[in-house]
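Engineer: One structure follows; several queries about it will come next.
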Amino acid sequence: MEYHTMRYINTIARCANLHQDEALQSVGLSSYQSAYIPIICRKPGITQDQIARELHVNRSSVTRQMTALEDAGFITRQRCTGDRRAIQVYPTDKALEVLPLVRKARQTWRALLLEGMTDTEREALDKLLARLADRAEEIV
């Protein structure tokens, strides 16, 4: 029997990005950029390296997205005083203002995606996906 686990996960992720792109277009955020907003708002002063580790993305991807977010007025960056190589990221008022919209877009997507599933099915799915995520982190 052939399993298509990754194909399904990738399809869900791409569709989620399309949904978020549409939901956040009015505030000038892409789905990729929106992933950074909650982290930066929750942890002002987080370094770009810490963001890369938390999101499991390359540092170069973080740098590109930070440049776009800074150019759009969502964040500010500054060199860390304790480590001149590290760059700390801070949310602006604009980021704090769009945070509820980013959360709402995610919640809406989740509700639409899981519509029709029972609570038991949702719980089982979350547990299985958490196991896959934990395993993925062990591998890399």
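The values are calculated or read from the model by the stated rules, or taken from the named source; none is laboratory data. All of these numbers come straight from a predicted model, not from anything done at the bench. Virtual Cβ from ideal backbone geometry, glycine too; neighbours counted across all protein chains shown. To get the accessible areas, we keep the full protein, side chains included, count just its heavy atoms, and leave off ligands, DNA and RNA. Shrake-Rupley method; radii C 1.70, N 1.55, O 1.52, S 1.80 Å.
Engineer: Taking the chain as the reference, fit the longest principal axis to its C-alpha atoms, fit the long axis of helix 93-114 to the helix C-alpha atoms, and give the angle between the two in degrees, 0 to 90, nearest 10.
Structural biologist: Computed tilt is about 10 degrees.
Engineer: Please list, short to long, the whole-number percent of alpha-carbon pairs of the range 10-89 in consecutive 5 angstrom bins beginning at zero.
Structural biologist: 3, 15, 25, 25, 19, 8, 4, 2, 0
Engineer: Then there is this: Using 7 Å Cα-to-Cβ label points, what is the E138/K43 separation (nm, one decimal)?
Structural biologist: About 2.3 nm separates the two model spin labels.
Engineer: Let me ask you something else. What does the accessible area per residue of the chain come to in Å², with a 1.4 Å probe and no ligands, DNA or RNA counted?
Structural biologist: On the way: 9700 Å² over 140 residues.
In whole numbers, the chain has 69 Å² accessible per residue.
Engineer: The range 32-140: percent of C-alpha pairs farther apart than 18 Å? Don't skip to the end; give the middle numbers.
Structural biologist: Numbers: 3463 of 5886 pairs.
More than 18 Å apart: 59 percent of the Cα pairs in the range 32-140.
Engineer: Per DSSP helix of 4 or more residues, -39500 (n - 2.57); summed, then divided by the residues of the chain. What does that give at 222 nm, rounded to the nearest 500? Please list the in-between numbers first.
Structural biologist: Working: 7 runs with 95 residues, N = 140.
Helix-only estimate at 222 nm: -21500 deg cm²/dmol.
Engineer: If one takes the longest principal axis of the Cα atoms in the chain, at what angle in degrees, from 0 to 90 and to the nearest 10, does the Cα axis of helix 5-24 lie?
Structural biologist: Roughly 50 degrees between the two axes.
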